[in-house]
Amino acid sequence: MTKIIMLFFAAVAAIQIIKPLGWPGLKHRRDAWKLALGGFLATVFALALTTLFKFPA
């Protein structure tokens, strides 16, 4: 799951660097770091939820 999240955000960040998306907050090429940070935070959140709800076998 976390690999899929990181691949998605990496692809969107690459597209942002090539041609800005024009979404609110993503109007310039230099805004690609926001996507990278979002991917990192989504990964951390997914890992935290996975660990939180993992029951011992």
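Here are a few things to note about the model shown:
- Estimated from helical segments only, the mean residue ellipticity of the chain at 222 nm is -23000 deg cm²/dmol, where each DSSP H run of four or more residues counts as -39500 (n - 2.57).
- Whole-Hz ³J(HN,Hα) from phi, Karplus 6.51 cos²θ - 1.76 cosθ + 1.60, for the stretch 24-33, glycine and proline x: x, x, 10, 8, 10, 5, 5, 8, 5, 4
- Count Lys and Arg as plus one, Asp and Glu as minus one, and take only other residues whose Cβ is under 13 Å from that of L26; the net charge is then +4.
- A full extension of the chain between K3 and A42 corresponds to an added length of 13.0 nm, given 0.36 nm per residue minus the alpha carbon distance.
- Other residues within the sphere of radius under 13 Å centred on the Cβ of I17, judged by their own Cβ, net out at +3 (K and R +1, D and E -1).
- Sequence-distant contacts, meaning Cα pairs under 8 Å at least 6 residues apart, place the relative contact order of the chain at 37 percent.
- Taking Cβ atoms as reference points and 14 Å as the exclusive limit, the residues near L47 contribute a net charge of +2, counting Lys and Arg as +1 and Asp and Glu as -1.
Taken together, the values in this text are just the output of simple stated rules run on the coordinates, not laboratory data. All figures in this text were calculated on a predicted structure; none of them were measured in a lab. A quick note on method: Cβ atoms are made from the backbone with ideal geometry, for glycine too, and the neighbour counts reach across all protein chains shown.
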